[in-house]
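A.B. asks: Below is one structure. I have some questions about it.
Every number in this text was worked out from the coordinates using simple rules, so none of it is lab data. All values reported here derive from a predicted model rather than from experimental measurement. Ideal geometry is used to build each Cβ from the backbone, glycine not excepted, and the neighbour counts take in all protein chains shown.
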Amino acid sequence: MSTYEKHVNGTVSELLAEAFFVSKGHIVSKPINDFNEYDLIIDCEDGLKRVQVKTVYWDNTKMRNMVSCVTSHIRGNNQRYNKKYNARSFDILCAVHKDTKTFYLIPFEDIKGRRSITFYPEGKPKTVNSRYVDFESYRETL
């Protein structure tokens, strides 16, 4: 997938997340610049929350739907640097599966320290080992 296609997918996921939060009665705001570790701010019952939106994608190598829990930066030497998020990065991860319009709203504390998360937007197969953390309880739809 090209860099352009990744940006388009990210934009679509952000727009879907905005529509989702608005449909739930939240006020949605966007930061002016793109240099933050969050994409949206929602004004909800608990106050303001910083939201990082990620697109759930199919990883052909690992044969699973997933999101990355790291942020990538290009350094001056054109080398990509992956950095794990920290508690100041955002309050809620909103993982969006565009095809099924499925949203996973996960508090930062529940993904802290992870490099990736696996999702089952079309249902969890019985063959999946239950010892792994299951994020399906965070699933919501539009």
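A.B. asks: Assuming 0.36 nm per residue, please report the length gained on full extension of the stretch Arg114 to Tyr81 beyond their Cα-Cα distance.
C.D. replies: 10.3 nm
A.B. asks: Something else: Describe numerically, in nm with one decimal, the distance between label points set 7 Å from Cα along Cα→Cβ at Ile32 and at Thr100.
C.D. replies: Between Ile32 and Thr100, the label points sit 4.0 nm apart.
A.B. asks: Looking at the square roots a ≥ b ≥ c of the eigenvalues of the Cα gyration tensor of the range 14-142, which shape do they give, rounded for a/c under 1.5, prolate if a/b is larger than b/c, or oblate?
C.D. replies: Verdict is oblate for the range 14-142.
A.B. asks: Tell me which GluC sites (Glu not before Pro) from the range 1-70 have a DSSP coil assignment and no more than 11 other beta carbons within 10 Å of their own.
C.D. replies: Those satisfying the criteria are Glu45.
A.B. asks: Determine which residues of the range 86-120 fall in the zone a paramagnetic label at Val8 would reach in this model, i.e. backbone nitrogen under 16 Å from the point 7 Å along Cα→Cβ.
C.D. replies: So the set is 98-99.
A.B. asks: Oh, and also: With a sphere of radius 12 Å drawn around the Cβ of His26, what net charge do the other residues whose Cβ falls strictly inside it have (Lys, Arg +1; Asp, Glu -1)?
C.D. replies: -2
A.B. asks: With springs only between Cα atoms under 10 Å, which of Arg114, Arg80, Arg88 fluctuates most in a Gaussian network model of the chain?
C.D. replies: Arg80
A.B. asks: Within the chain, how many lysine pairs that are 8 or more places apart, or on different chains, have C-alpha atoms less than 16 Å apart?
C.D. replies: Step by step, the pairs that qualify in the chain add up to 14.
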